[in-house]
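**Student:** The structure's right below; bear with me while I get my questions together.
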2 protein chains.
Amino acid sequence: MATTLNLYYAPGTCALASHLALEYSGAPYQATRLDFKQQQQRSPEFLRLNPKGRVPALVTDRGVLTENIAILQFIAQSFPQANLAPLDDVFLLAKVNEFNSYMSSTVHVNHAHKGRGYRWVEADDTASLQAMQKKVPQTMAESFTLIEEQMFKGPWVLGERFSTSDMYLYTIARWLEGDGVDVKRFPKVADHMRRMEAQPQVQKVVASHQP
Amino acid sequence: MATTLNLYYAPGTCALASHLALEYSGAPYQATRLDFKQQQQRSPEFLRLNPKGRVPALVTDRGVLTENIAILQFIAQSFPQANLAPLDDVFLLAKVNEFNSYMSSTVHVNHAHKGRGYRWVEADDTASLQAMQKKVPQTMAESFTLIEEQMFKGPWVLGERFSTSDMYLYTIARWLEGDGVDVKRFPKVADHMRRMEAQPQVQKVVASHQP
């Protein structure tokens, strides 16, 4: 890469998944922290980089990439020696993308109904926003039941192979407590969290995501 | 492949994107239609294949794949001669996945608040369900404004290269009318729809998705 990769992130967001992948890649990278409380994701400078006004956004020498699924595979393919995805196996790579897609399009969306319900109803419709918030513990628990019982192979998401899906699962599992769900209900996921948090890469990146 | 691929789909769903990719791949495949009105996606037989109770679900000789993003890249990589994705270019392939992820995790989710709001509030909470439905024309129009003005390169999503992103865009653009949004507001998307519908592969698959 001609330019060092630069990841825009904010604490508490799903950008942690892409941040972890960069750290595990072993490649040099920068990480630029945005303050969502100050609405930095809506600044003209950032909207020029990412018109969606969201994170993650990864600046590369070819342009900007958004969406965890795309960034995760891009990092895995750009730094194949780090072995972050089964690039040699079309079916297993699809299983990684299947899992990551479930994280982004179902589980993250469930979670977003707690704090970002205004995306789907009027921002002053307090009753509907509260109705959405109220169901989040149920929808998150249902999704993690499916993960625990059906998707998670162990010891890693895919089985023996560690992959970007482990980073994405860890990122979203961290939201369970705030969403009113006790991770201990899901012993495999809880054990996975503990093992992730024992890794120096995770400790280093999580430290930069403190509020 | 030892076994012929078999795609489970239902009319009106996002499974059309994966169905189109199979047709464009040139490979032999089967397509099995489910009747959602009869709740066939909740049948014990289908839940054994896909515990999510959703489509698309692609049965392969290695197991079942779900989630359009995963299936689309799996088909593109399994049948590279069909040239359905820029497999030779890590960055461009990421742009395909970025676009497809926006389709699944943002635009499809916007649309789902019209008919499937019960996923995120109680099914008998009529006021909240109506509040969600009411905002769908706005959220869909906002997403398609971003597609029209920022994402769509022309003549295809990626630019000169036709890809699975064109199939996914076409699939979701078909929902605009029912969501109360006139596609003519988005001239590039409207022209793209017309060119897609002129292709024999699209005509053949769409015929099998009639209600």
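The values are calculated or read from the model by the stated rules, or taken from the named source; none is laboratory data. All values derive from a computational prediction rather than experimental measurement. No Cβ is skipped: glycine too gets one built from the backbone with ideal geometry, and neighbour counts run over all protein chains shown. Surface accessibility is based on the protein's heavy atoms, side chains included, excluding ligands, DNA and RNA. Shrake-Rupley method; radii C 1.70, N 1.55, O 1.52, S 1.80 Å.
**Student:** Please give the per residue accessible area of the protein assembly as shown, computed with a probe of 1.4 Å over protein heavy atoms only, in Å².
**Tutor:** Working: 17760 Å² over 422 residues.
Ligands and nucleic acids excluded, the result is 42 Å² per residue.
**Student:** If you don't mind, another one. What's log10 of I(q)/I(0) for the range A:37-142 at q = 0.12, 0.16, 0.22 Å⁻¹, Debye sum over Cα points only, no solvent?
**Tutor:** -0.60, -0.92, -1.16
**Student:** Zone of A:ASP89 (label point 7 Å along Cα→Cβ, backbone N under 19 Å): which residues in the range A:159-193?
**Tutor:** Those under the cut-off are A:159-169.
**Student:** Only residues of the range A:140-177 count here: report those whose backbone N is under 17 Å from the spot 7 Å along Cα→Cβ of A:GLN77, or say none.
**Tutor:** A:164-165, by backbone N distance to the label point.
**Student:** Mind jotting down a quarter of the surface of the convex hull over the alpha carbons of the range B:76-118, in square nanometres, one decimal?
**Tutor:** Values: hull surface 15.7 nm².
Here the figure is 3.9 nm², rounded to one decimal.
**Student:** Express the Stokes-Einstein translational diffusion coefficient of the range A:51-94 in µm² s⁻¹, to the nearest whole number, given a Kirkwood radius over alpha-carbon pairs, 20 °C and a viscosity of 1.002 mPa s. Please report the intermediate quantities before stating the final value.
**Tutor:** Details: Rh = 11.5 Å.
Answer from the Stokes-Einstein relation: 186 µm²/s.
**Student:** In whole Å, what is the distance between the alpha-carbon centres of the range B:149-182 and the range A:141-156?
**Tutor:** If you average the Cα positions of each part, the centres end up 33 Å apart.
**Student:** With chain A treated as a Gaussian network of Cα nodes joined by springs under 10 Å, which of A:LEU146, A:LEU93, A:LEU176 yields the largest mean-square fluctuation?
**Tutor:** The residue that fluctuates most here is A:LEU146.
**Student:** State which stretch of chain B is the longest one without any exposed GluC sites (Glu not before Pro), exposure meaning a DSSP loop state and at most 14 other Cβ atoms within 10 Å. Write out the running numbers ahead of the final one.
**Tutor:** Values: sites that count: B:GLU122, B:GLU160, B:GLU177.
The longest such stretch corresponds to B:1-121.
**Student:** Something else about it: What does the copy distance list look like for A:GLY115, label position 7 Å along Cα→Cβ, in nm and ordered from shortest?
**Tutor:** Its label point is 3.3 nm from the equivalent points in the other copies.
**Student:** Over all directions, how big on average is the projection of the convex hull of the alpha-carbon atoms in the protein assembly as shown, in square nanometres?
**Tutor:** Working: hull surface 78.2 nm².
If I average the Cα hull's projected area over directions, I get 19.5 nm².
**Student:** Roughly how many percent of the accessible protein surface of chain B is carbon and sulfur, given a 1.4 Å probe and a whole-percent answer?
**Tutor:** The computed percentage sits at 49.
**Student:** While we're here: Along its three principal axes, how long is the range A:5-84 when you only count alpha carbons? Whole Å, largest extent first please.
**Tutor:** That works out to 38, 25, 20 Å along the principal axes.
**Student:** Rg to Rh ratio, the range A:90-199, alpha-carbon atoms and Kirkwood radius?
**Tutor:** Ratio value, two decimals: 1.02.
**Student:** With n ≥ 4 as the cut-off for DSSP H runs, can you work out [θ] at 222 nm for chain A, using -39500 (n - 2.57) per run divided by the number of residues, rounded to the nearest 500? Mind showing how you got there, number by number?
**Tutor:** Values: 9 runs with 99 residues, N = 211.
Result for chain A, helices only: -14000 deg cm²/dmol.
**Student:** What is the interface area between chains A and B, defined as buried accessible area summed over both chains with a 1.4 Å probe, reported in Å² to the nearest 100? Kindly include the intermediate steps, with their values, before the conclusion.
**Tutor:** Details: alone 10810 and 10820 Å², together 17760 Å².
For A against B, buried area totals roughly 3900 Å².
**Student:** Now a separate question. Over chain B, what relative contact order in percent results from Cα pairs under 8 Å that are six or more residues apart? It would help to have the intermediate numbers written out before the result.
**Tutor:** Details: 269 pairs, mean separation 49.3, N = 211.
Once normalised by length, the contact order is 23 percent.
**Student:** Please report the projected area of chain A's Cα convex hull averaged over all directions, in nm².
**Tutor:** Values: hull surface 47.9 nm².
Mean orientational projected area (chain A, Cα hull): 12.0 nm².
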